[in-house]
Amino acid sequence: MKFSRYFAIFLSALVLWSAVDVFSTVPDRSTAPADVEKTKDFAQVRAEAFKSLISGDFAGGSALLDSAGTLAADSTLVKAKTLTAEYLKIRAKSDAERQAELSAAVKRVKLARLAQGYRPELLKAKLDEKLWKHIRSITDSVTSADEFLAINSTSQPADVRKVVLGHLDSADKELTSACALVVGRKGPWPEAFRTSAKNLTRTISGYRKAWLKDDQPGSWRALKKASEDVHDALIDMGVLVTKEPLMAALVHAGEAMELTDDPDAFRRQEWVVELIRDADKQGRKLVKEKKWLDAVMIYGRDGLGGIDRDNIAFKEMFKKTGRHVRVQSIYGRGGVSASKTPTTNKATTAPVEDTPGRATTPPEEPKWKKMITGIDTVMVRTAVERIDDNYVKEPDYRKIGLGGLDAVRVLVTSSRAAETLSALKDKPARLAFLKGIDRQIEQMRSAKSPDCLDVKEALNRVLDLNSDTLNLPIEVVNMEFAEGMLSTLDKFTSMIWPYQEENFRKRTLGSFCGVGVQIRKEPGRAIEVVTPLADAPALQAGIRAGDYIIRVNGVETRMMDLEDTVKLITGKKGTDVTLTIRRSGRSKPFDVTIRRDTIRIQTIKGWRRLPGGKWDFFIDPVERIGYIRLTLFTSDTADKLHRVLLNLRRAKPPVRGVIVDMRFNPGGLLSAAEDVSDEFLARGLIVLIKGRRGQSPPKNATFRGSYQRGKVIVLVNQHSASASEIVAGALKDWGRATIVGERTYGKGSVQRPMPLKSKLASLKLTTAYYYLPSGRCLHRTNGSKTWGVDPDVPVKVTIRQTNRWAEIRQETDILKNVDADRLTDLLKKQLSEDVQLQTALLPMRLKLLAETQPAQPAKAA
């Protein structure tokens, strides 16, 4: 028996020694032809297995590993298979969670439709407000319990547990009272309510049990999961009692579409088609009733605009309703009036009127008086000329002119604007103005081929008409005409009026006084946090990427522009600002008060924070895999990256591969993107900039880069935009990096600030698009099927999954002088929750394994 085993080992050794000879291209003449062929098969299958794995075909590559393993013993194959098998389990769990969230979102649409049909019964029985108050009280109790859920604790003091259990007991009592209100009621809605209530009772019980386990390993994860389960159940209950069931259905349908792999197929489903039809019908009804705020919600990004982004009719309705809401917010006394039906919280369908910080009074003086300071007609006329000379596409002057005229008309017909613009109360003058502007609108519609001069002439006529009738402040007419005409172009083109110039310059500086958040604004949505900045007050206060700032010091942000929001958030060092935050997974918005400080933007980060604040850039010190996080592209980003890459190469032992994480990177300077790309590319085009008037000289890579040969994997997601897309696209097109994550944002347009008059105002105009070396346009235009950068290895995750690791990273980003073991533990938790980063690590490790020569088995002694 021993002899047979040793003989088998000896034969295996011969096979592997033959494989080594094949790799050396000097075959052993004593090897039998069949063995040589078997060795060649092994080498080929091994190479194909690693190729499949590295490309992201983990299941197919794993099968090939099994095949290769039957041909020869190889420890690298065993390690590759182990790594892949462990990852596939993690990925399966992540995908199952995403599917569960998709199913939950679809279920909530159905619950909302049930609520929509049953709401008249609740109103008739006067139960709507009572039920809502009970659900709101439950939400308050659970949220209070969540406040004690600390990231860095694995056990909670007994006194904390006592307080938490008290909150959960209060939640149970409120739920019992809510259920008593529907006793005896029959039908689909009451049954759904009772089923959801039982689920909420069960999850609260589970949350209570999780808090009672004080010394269990991984108890933080158990607490987190139990909290998520309670909030899921609360969302279901909130949908059933919401005062705005149709909007709730739209919100959750939009969430479901974002989670699905085929949005087009999702939209074709019968229940989705029916929902879209009903919502559009309701939206048009609201427009007729002049309920502009409710209508803009229906057609905005949280409604039909999110479900069907390329629908032209919905876009036009959103613009139309948005103009009315904008006028109300600027000129109405007290801003936009609260609608009879409260607006919806995307996370839970909680009404805004029941959330902290509700604004009921305007700023200290009418907003429009500050806004119009310094505006004159020359600025608007010059803006039209700049569009004619430089806009990225051939301007549609009919649409531009009609946009300007309609915006002025909306102002004049607004009863809310008449509250602060007394001239609008003169009915004969107002009717005369409307008659004149309607005539101009008809002339613009019927004009054969209107051009730049026709638009300027339309402005002149409106000003003359105003002078003859209403005599509104000329600055107001100029501003509204300009805003209206620019709204017909693209969402990135805008005026920078004199009152905005200072804040616009502030956003381009490397330091300023504020709270330290990168923010983004989509039309009709609240301000979105792209990411909090390192060491900034916002990060320390717990603000996260993906949060929505729905109010600043009580002032609504939905219809604000970005510059206005920046002005509210920034301020003198040492002063406080209160942000009302809406967060996915939280049952209601909440206030965060933050003290402003000087913000210095740190654009390069590593994996582990070192004492003193510096970074360790090795995420895997054993395999020598580096990790570099690029948060923004500023003037010094490329220089800092150059130094980091040089240090990684000079480390002992040196780096063997680098992961570049550009998730949540909103972009920045084009020159920085070009220089960062140059660090990794030795030759070839980086980006081409083309507009209507031609193209800029192509930017090519040079030999100056510090990491032009090492292995690179780039992480991106749907929030990676502009400059980060240029870098990812260039590295992908030249085969320099494997791209992992999600398709990028698709912001591939160039905006140039163009002075309009003595630099008192500017036009931020879209003048060109970015094109990758492959010729692909990065920008997402209406109806386009391709945009941004597609990942080589797609990894779709949910907002909740992202929040888990992002919450921990906020902790690890600010930890410097702490116990090393504690930081190590937190970083392990962070990585375990970050499926996209784990996916990036796997092909990097496999690439390194693929280079390893097949291991030779030990010879028999």
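The values are calculated or read from the model by the stated rules, or taken from the named source; none is laboratory data. Quantities reported herein were computed from a predicted structural model and do not represent experimental measurements. As a convention, Cβ positions derive from the backbone with ideal geometry for all residues, glycine included, and neighbour counts pool all protein chains shown. Areas reflect the complete protein model, heavy atoms only, side chains present, ligands, DNA and RNA absent. Shrake-Rupley method; radii C 1.70, N 1.55, O 1.52, S 1.80 Å.
Below, the figures for the structure above:
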read-out: Options Asp535, Asp561; residue that is within 26 Å of Arg809 (Cα to Cα), touching a residue at least 40 places away in the same chain (Cβ under 8 Å) and open to solvent by 40 Å² or more (accessible area, probe 1.4 Å); value: Asp535
read-out: Flag for Asp468 being free of Cβ contacts under 8 Å to residues at least 40 places away in the same chain, more than 15 Å from Val408 (Cα to Cα) and acidic (Asp, Glu); value: yes
read-out: Which listed residue is in contact with a Pro (Cβ under 9 Å, 6 or more places away or on another chain) and charged (D, E, K, R), from Asp813, Asp821, Asp825; value: Asp813
read-out: Helices (runs of 4 or more DSSP H) completely within the range 245-315 that count 2 or more residues being of a type in the set (Gly, Ala, Ser) and at pLDDT 95 or above; value: 245-259, 270-288
read-out: Matching residues in the range 683-713 - criterion: being under 22 Å from Val750 (Cβ atoms), among the β-branched types (Val, Ile, Thr) and either open to solvent by less than 10 Å² (accessible area, probe 1.4 Å) or touching a Leu at 6+ places or on another chain (Cβ under 7 Å) (or both); value: Ile686, Val687
read-out: Sole residue being closer than 20 Å to Ala407 by Cβ and either open to solvent by 10 Å² or more (accessible area, probe 1.4 Å) or touching a residue at least 12 places away in the same chain (Cβ under 8 Å) (or both), chosen from Ile298, Ile330; value: Ile330
read-out: Hey, Thr201 in contact with a helix residue (DSSP H, G or I) (Cβ under 9 Å, 6 or more places away or on another chain), hydroxyl-bearing (Ser, Thr, Tyr) and surrounded by fewer than 19 Cβ atoms within 10 Å (Cβ to Cβ) or not; value: yes
read-out: Hits in the range 704-721 (condition: in contact with a helix residue (DSSP H, G or I) (Cβ under 8 Å, 6 or more places away or on another chain) and assigned to a loop (DSSP other than H, G, I, E, B)); value: Arg704, Gly705, Ser706, Tyr707, Gln708, Gly710, Asn717, Ser720
read-out: One residue from Arg386, Arg409 being in contact with a helix residue (DSSP H, G or I) (Cβ under 6 Å, 6 or more places away or on another chain) and assigned to a helix (DSSP H, G or I); value: Arg409
read-out: Test: residue in the range 502-514 that is aromatic (Phe, Trp, Tyr) and either part of a loop (DSSP other than H, G, I, E, B) or modelled with pLDDT under 85 (or both); value: yes
read-out: Some residue of the range 633-643 being closer than 22 Å to Gly546 by Cβ and modelled with pLDDT under 95; value: yes
read-out: Among the residues listed as Ser103, Ser141, the single one being farther than 30 Å from Asp821 by Cβ, open to solvent by less than 30 Å² (accessible area, probe 1.4 Å) and not aliphatic (A, V, I, L, M); value: Ser141
read-out: Residue within the range 113-120 that is in a helix (DSSP H, G or I), in contact with a Lys or Arg (Cβ under 9 Å, 6 or more places away or on another chain), under 27 Å from Val272 (Cα atoms) and among the small types (Gly, Ala, Ser) present; value: no
read-out: Test: Ala672 is of a type in the set (Gly, Ala, Ser), open to solvent by 10 Å² or more (accessible area, probe 1.4 Å) and on the phi < 0 side of the Ramachandran plot; value: no
read-out: Matching residues, the range 63-88, being open to solvent by less than 20 Å² (accessible area, probe 1.4 Å) and within 39 Å of the chain's Cα centre (by Cα); value: Leu65, Thr76, Leu77, Ala80, Thr84, Tyr87
read-out: Subset of the range 606-654 (residues that are of a type in the set (A, V, I, L, M), without any contact (Cβ under 8 Å) to a residue 60 or more places away in the chain and open to solvent by 30 Å² or more (accessible area, probe 1.4 Å)); value: Val622
read-out: Verdict on Ile550 being more than 25 Å from Met479 (Cα to Cα), in a loop (DSSP other than H, G, I, E, B) and either at pLDDT 85 or above or touching a Ser or Thr at 6+ places or on another chain (Cβ under 9 Å) (or both); value: no
read-out: Tabulated pairs, the range 184-213, first at positive phi, second open to solvent by less than 50 Å² (accessible area, probe 1.4 Å) and not hydroxyl-bearing (Ser, Thr, Tyr), C-beta under 9 angstrom, 6+ apart or interchain; value: Gly184/Pro190
read-out: Failed item, numbered, when Ile599 is tested on (1) farther than 30 Å from Gly710 by Cβ; (2) of a type outside the set (S, T, N, Q); (3) at pLDDT 85 or above; value: (3)
read-out: Of residues in the range 586-605 being open to solvent by less than 20 Å² (accessible area, probe 1.4 Å) and more than 23 Å from Leu823 (Cβ to Cβ), the one nearest to the chain's Cα centre (by Cα); value: Pro589
read-out: Arg323, sole failed condition from (1) open to solvent by 40 Å² or more (accessible area, probe 1.4 Å); (2) modelled with pLDDT under 90; value: (2)
read-out: Candidate set from the range 443-492 (those that are open to solvent by 10 Å² or more (accessible area, probe 1.4 Å) and β-branched (Val, Ile, Thr)); member that is nearest to Val380 (Cα to Cα); value: Ile474
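For (1) within 30 Å of the chain's Cα centre (by Cα); (2) in contact (Cβ under 8 Å) with a residue 40 or more places away in the chain, each residue gets a yes or a no:
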position: Ile686; (1), (2): yes, yes
position: Arg693; (1), (2): no, yes
position: Pro698; (1), (2): no, no
position: Gly710; (1), (2): no, yes
position: Thr766; (1), (2): yes, yes
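Here's the yes/no breakdown for (1) modelled with pLDDT under 95; (2) surrounded by fewer than 23 Cβ atoms within 10 Å (Cβ to Cβ):
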| residue | (1), (2) |
| --- | --- |
| Glu725 | no, no |
| Ala728 | no, no |
| Lys732 | no, yes |
| Gly741 | no, no |
| Ser758 | yes, yes |
| Ala761 | yes, no |
| Thr781 | yes, yes |
| Pro791 | no, no |
